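All of the numbers you see were taken from the coordinates with simple rules; none came from a lab. Note that this is a predicted model, so its numbers are computed, not measured. Here the Cβ is made from the backbone with ideal geometry for all residues, glycine too, and neighbour counts use every protein chain on show.
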Amino acid sequence: MPLSKESGLGAASASQIQPAKGKLGVMVVGLGAVATTLIAGVEAVRKGVAKPIGSLTQMGTIRLGKRTDANTPLIKDFVPLADLNDIVFTGWDIFDDNVYEAAAHAKVLEKDQLEAIRPYLEAIKPMPAVFDQYYVKRLNGTNIKTGKNKMDLANQLRADIQAFKRTVSRVVIIWCASTEIFLEPSEVHDSVEAFEKGLEENHINIAPSMIYAYAAMKEGVPFANGAPNLTVDLPFIQELSKENFAPICGKDFKTGQTFVKTVLAPAFKARMLGVAGWYSTNILGNRDGEVLDDPESFKTKEESKLGALEYIFQPELYPDLYKDLYHKVRINYYPPRGDNKEGWDNIDIFGWLGYPMQIKVDFLCRDSILAAPLALDLVLFLDLAKRTTGLCGIGIQEWLSFYFKAPMTAPGLYPEHDLFIQSMKLKNTLRHVMGEELITHLGLEYYD
Ligand SMILES: NC(=O)c1ccc[n+]([C@@H]2O[C@H](COP(=O)([O-])OP(=O)(O)OC[C@H]3O[C@@H](n4cnc5c(N)ncnc54)[C@H](O)[C@@H]3O)[C@@H](O)[C@H]2O)c1
């Protein structure tokens, strides 16, 4: 692409984007801490009693053209996103608590804040879930679908989606349910035919999250994966996603420790500072923490958390700096803290002539307060992707890597973990689909 006279690459031709007309139905799998904080938060913002802090779609701006143009609209004014007032929530959970009861149980938001919107929250009741304790050892609920095999369960989910579709204009699904046991891709995930045969035969490598994703894809509904489960990271789902114009993205919300890690690590690398070790530990006491206390679910989370540094540091390119890096991640269930997680990082770095230094990070965060705005952005951006010609048929939405610990990419591509590259990629994708010039930050034209 030829360089333009201004700051970036030549303007792309705009995609066609259908307007965001009518209601956007958001189906949330798992009405736990993150989901209820999302739903209650959106309602509080709609009522004008709180601000959507942390949400790029609601608070972020985007620069268009040259720095001297002073043209920086809000993202939501630049691209046609659904309005918060047009969002309608529903969801599935293995517990039959309504959203008010589930939010009260999660203890993320203050009681007064929940009371103020209690009738709205009470009206959202979970549909029975597809669940099997084999895949999440620490949970056991009663609001569960039964069927003759996994195909039957998939068809029941499809019926739920079809019924909801009749009440809204468009639908998006987001997984905010628990982390399942560690599973690896196998032959049953290789093709749609193999998977459908597996559904009929109750194949053990088909976890509930995959059944939801399959149902979404068959219904042409976009799907975001907020947990580290395989779910949409599978060849047959990617095939269905393209075929049925159902965009997908994942996996595992990048909220606390990994968010900070993917800011610090690129800084060390940019300055050619070495890293000998990175020890990360967490304590948290919410239900997610309890689920992750099971070694099989923890393994799924661990894999997702460990990848980032390896990709950012590229030890094969910089063996003197990163070849011997020791990276460890621990998560400990500690009930007194509830959702208010504490994450510590000890980073052993080295500089000029190899002299060692240390950095300590102690992040006293709130897990669901960090995750809810990401979930909101994801449903709004996936809905945009579904309405955009250049995005709806490509399957994986790599431009949403910004939100994930283990971003999905096309086969053969390494994932981009650097938060600021991810942010640039996201904004350039928005400029691209709107036919605006991309921004490279070259800036030589200011010195002509
Ligand atoms: N909060 C964060 O910062 C963060 C960051 C990254 C990822 N996540 C992931 O997001 C997910 C949700 O986190 P949370 O803190 O809300 O957990 P949570 O335990 O409070 O909520 C999960 C809910 O999912 C339900 N559930 C489990 N399996 C289900 C199924 N098959 N169908 C329907 N519902 C099901 C559970 O009953 C529970 O209510 C977890 O997988 C977590 O690892 C959270």
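Of note:
- Computed lengthening from residue 158 to residue 134, 0.36 nm per intervening residue step minus Cα-Cα distance: 6.3 nm
- Zone residues, segment 50-89, relative to residue 447, backbone N less than 20 Å from point 7 Å out along Cα-to-Cβ: 66-69
- Taking the three principal axes of the alpha carbon atoms in segment 340-390, the coordinate ranges are 54, 32, 7 Å, sorted in descending order.
- Computed 3J(HN,Hα) for segment 203-217, one whole-Hz value per residue from the Karplus formula 6.51 cos²θ - 1.76 cosθ + 1.60 where θ = phi - 60°, is 4, 5, 7, 9, 8, x, 4, 6, 5, 4, 5, 4, 4, 4, 4, glycine and proline marked x.
- Using every pair of separate Cα atoms, the Kirkwood estimate puts the hydrodynamic radius of the chain at 22.8 angstrom.
- Gain upon complete extension [residue 149, residue 77; 0.36 nm per residue less C-alpha separation]: 21.3 nm
- Computed packing ranks the peptides 254-263, 35-44 as 35-44, 254-263, most packed first, by mean other Cβ atoms within 10 Å.
- In summary, segment 93-235 shows an alpha-carbon radius of gyration equal to 1.12 times the 2.2 N^0.38 Å reference for compact globular proteins.
- A convex hull fitted to the Cα coordinates of segment 402-448 yields 108 cubic angstrom per residue.
- Spacing of the modelled spin labels on residue 61 and residue 314, each 7 Å from Cα toward Cβ, amounts to 3.3 nm.
- FRET efficiency for residue 361 and residue 190, using Cβ-Cβ distance with R0 set to 45 Å, rounded to 0.05: 0.65
- Cβ-defined net charge surrounding residue 201, 14 Å radius [Lys, Arg +1; Asp, Glu -1]: -2
- Length, then width, then depth: along the principal axes, the Cα atoms of segment 29-92 run 48, 23, 19 Å.
- Pairs exceeding 18 Å between alpha-carbon atoms, taken from 76/242; 299/405; 254/301; 405/425: 76/242.
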